[in-house]
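Student: Right, I'll just put the structure down here and ask away after.
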Amino acid sequence: MMKNFIEELKWRGMLAQIMPGAEELLQKEMVTAYLGTDPTADSLHIGHLCGIMMLRHLQHCGHKPIILVGGATGMIGDPSGKSQERNLLDAETLYHNQECIKAQVSKFLDFNSNEPNAAEMVNNYDWMKDFTFLEFARTVGKHITVNYMMAKDSVQQRLNGTARDGLSFTEFTYQLLQGYDFLHLYQTKNCKMQLGGNDQWGNMTTGTELIRRTLGNDNEAYALTCPLITKADGKKFGKTESGNIWLDPARTSPYKFYQFWLNVSDDDAERYIKIFTSLDKPTIDALIAEHQQDPGRRVLQKRLAEEVTILVHGQENLNTAIEASSILFGKSTKEGLEKLDEQTFLDVFEGVETFTLPKDQLGQPAIELLTRDDVKVFPSKGEMRKMVQGGGVSINKEKLTDQNRPLTSDDLIGGKYLLAQKGKKNYYLITVK
């Protein structure tokens, strides 16, 4: 017996809309389903993860996932949920982005299996690049009326909204192009279902309509969407003050990625652990119950952060992220600091007060260097002496017992940083140049 994909989505809170007949089809046979993503960047961000997890659950339930990279549609832009037309990309950039995205998605889906439900990646540029306008008008355009296209919410919002430039013809045809993707995959890959976010419902149903109008009403084609994920306060999920949380470690370090999940609210953790992990229902129910007994231990957040970070960045990067997370509150050492790569080190101490010290000043006593006008860790030498005598000063996580100890290049972390600590929570980062 195959695991029931729809039941899996329902208990995880991952099902928004589903066309009649889709559930019956999924129970009757192995279904090939696809999800599209635009290659507008060389990395996915966590806003894409719900869709990718849908494909992961689909494959785990015995069905075949296809991820479609919109090389052609990415050159046009989609009006759904957007107030402005997006920038168009050249073919070389799109291909590069596609390869980067496949490497990331490979952590979630099995592309190399010998089973019939091995994942596939396709690019709609491959079948659209030689499609002439006349062919498109004849093959696709004659089947879908302008009235049908105009009725879509995404089109209405752009026409009646406040967008300065209105809706271009290029974007107006987007739903036909996306609809043709479904028709092409239906005919070449026996793909009978499209998955996507709830904002894509209009474009997806155009695809099912195009299949029926082109090939006949007895052809089975269905759409299924997941809800758009928000935070408990209604704000957009995945955005921080510094922007998106990316899957690429060069854009968002594994430490920052881990911290994002670790710091979600209790309500969000309870929802997200169902959506963004593959943990089963008994395990999640037990974690929720344990968390509710003592929310202060943040059991849910810790497990959520661990599971998602392992999935995206691997065990080793998770270990580094956990070690880095303990530095601000735990008993780390200079060796522990030295183990961190520079970006993680800077991420850990993001937001602490920073100073710059000329390199030729090294070699002086700590009390001289930490009370300078340009490195004001202490307002006076008297205060520093008192704190050193009370054991409240550390350099690079090692207690300073003598305020006259010289600080030299041997003390530098990564050859350029000194970390001063006053009391338990006050850190100062000194960059030596």
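Student: Any chance you could count how many residues in region 189-204 are buried (at least 21 other Cβ atoms within 10 Å of the Cβ) and either more than 25 Å from the chain's Cα centre (by Cα) or more than 24 Å from MET14 (Cβ to Cβ) (or both)?
Tutor: 2
Student: Scan region 12-30 for residues that are assigned to a loop (DSSP other than H, G, I, E, B) and more than 28 Å from the chain's Cα centre (by Cα) and report the count. Don't jump to the end; show me each part of the working.
Tutor: Just the residues of region 12-30 that are assigned to a loop (DSSP other than H, G, I, E, B), to begin with: 13-16, 19-21, 29-30.
Next cut, more than 28 Å from the chain's Cα centre (by Cα) only: 20-21, 29-30.
Residues that pass the stated criteria total 4.
Student: For VAL393, work out the one condition from (1) over 18 Å from SER325 (Cα atoms); (2) open to solvent by 10 Å² or more (accessible area, probe 1.4 Å) it doesn't fulfil.
Tutor: Among (1) over 18 Å from SER325 (Cα atoms); (2) open to solvent by 10 Å² or more (accessible area, probe 1.4 Å), the lone unmet condition for VAL393 is (2).
Student: Could you please find all residues in region 396-431 being crowded, with 19+ Cβ neighbours inside 10 Å, free of Cβ contacts under 8 Å to residues at least 40 places away in the same chain, part of a loop (DSSP other than H, G, I, E, B) and polar (S, T, N, Q)?
Tutor: Of everything in region 396-431, just one residue is crowded, with 19+ Cβ neighbours inside 10 Å, free of Cβ contacts under 8 Å to residues at least 40 places away in the same chain, part of a loop (DSSP other than H, G, I, E, B) and polar (S, T, N, Q), namely GLN403.
Student: Oh, and also: Listed residues SER168, SER113, SER106; which is without any contact (Cβ under 8 Å) to a residue 12 or more places away in the chain, among the hydroxyl-bearing types (Ser, Thr, Tyr), open to solvent by less than 40 Å² (accessible area, probe 1.4 Å) and over 24 Å from TYR222 (Cα atoms)?
Tutor: Details: SER168 fails: without any contact (Cβ under 8 Å) to a residue 12 or more places away in the chain; SER106 fails: open to solvent by less than 40 Å² (accessible area, probe 1.4 Å).
Within the list SER168, SER113, SER106, the selection yields SER113.
Student: Identify, from the list TYR180, TYR186, the residue that is under 26 Å from HIS57 (Cβ atoms), open to solvent by 20 Å² or more (accessible area, probe 1.4 Å), hydroxyl-bearing (Ser, Thr, Tyr) and touching a Gly at 6+ places or on another chain (Cβ under 9 Å). Can you show your working first?
Tutor: Details: TYR180 fails: under 26 Å from HIS57 (Cβ atoms).
Checking each option against the conditions leaves just TYR186.
Student: Restricting to region 252-311, count the residues that are over 21 Å from HIS60 (Cβ atoms) and part of a helix (DSSP H, G or I). Full working, then the answer.
Tutor: Our first condition is that a residue be over 21 Å from HIS60 (Cβ atoms); within region 252-311, this holds for 252-270, 288-302, 305.
Adding the requirement that they be part of a helix (DSSP H, G or I) leaves 254-262, 266-270, 288-293, 295-297, 299-302, 305.
Total meeting the criteria: 28.
Student: Out of the residues in region 345-367 that are under 21 Å from THR401 (Cα atoms) and not in a helix (DSSP H, G or I), state the one that is most open to solvent (accessible area, probe 1.4 Å).
Tutor: GLN364
Student: May I pose another question? Go through region 6-59 and give me each residue that's of a type in the set (A, V, I, L, M, F, W, C), within 23 Å of LEU183 (Cβ to Cβ) and surrounded by 15 or more Cβ atoms within 10 Å (Cβ to Cβ). Walk me through how you get there before you give the answer.
Tutor: Here is the first cut: in region 6-59, the residues of a type in the set (A, V, I, L, M, F, W, C) are 6, 9, 11, 14-16, 18-19, 22, 25-26, 30-31, 33, 35, 41, 44, 46, 49-50, 52-55, 58.
Subsequent filtering for residues that are within 23 Å of LEU183 (Cβ to Cβ) retains 18-19, 22, 25-26, 30-31, 33, 35, 54-55, 58.
Hits for region 6-59 are ILE18, MET19, ALA22, LEU25, LEU26, VAL31, ALA33, LEU35, MET54, LEU55, LEU58.
Student: Something else about it: Evaluate the following for GLY234: is it under 22 Å from the mean Cα position of the chain (by Cα), open to solvent by 40 Å² or more (accessible area, probe 1.4 Å) and among the small types (Gly, Ala, Ser)? Spell out how you get there, then give the answer.
Tutor: Numbers: under 22 Å from the mean Cα position of the chain (by Cα): yes; open to solvent by 40 Å² or more (accessible area, probe 1.4 Å): yes; among the small types (Gly, Ala, Ser): yes.
Yes.
Student: Here is a follow-up. Applying the selection to region 368-387, what residues are open to solvent by less than 30 Å² (accessible area, probe 1.4 Å) and either in a loop (DSSP other than H, G, I, E, B) or under 20 Å from SER332 (Cβ atoms) (or both)? Show your work before the answer.
Tutor: Going through region 368-387, the residues open to solvent by less than 30 Å² (accessible area, probe 1.4 Å) turn out to be 369-371, 375, 377-378, 384.
Within region 368-387, LEU370, VAL377, PHE378 meet the criteria.
The values are calculated or read from the model by the stated rules, or taken from the named source; none is laboratory data. All of these numbers come straight from a predicted model, not from anything done at the bench. Please note: Cβ atoms are built from the backbone with ideal geometry, for glycine as well, and neighbour counts cover all protein chains shown. We work out accessible area using only protein heavy atoms, side chains counted, and drop any ligands, DNA or RNA first. Shrake-Rupley method; radii C 1.70, N 1.55, O 1.52, S 1.80 Å.
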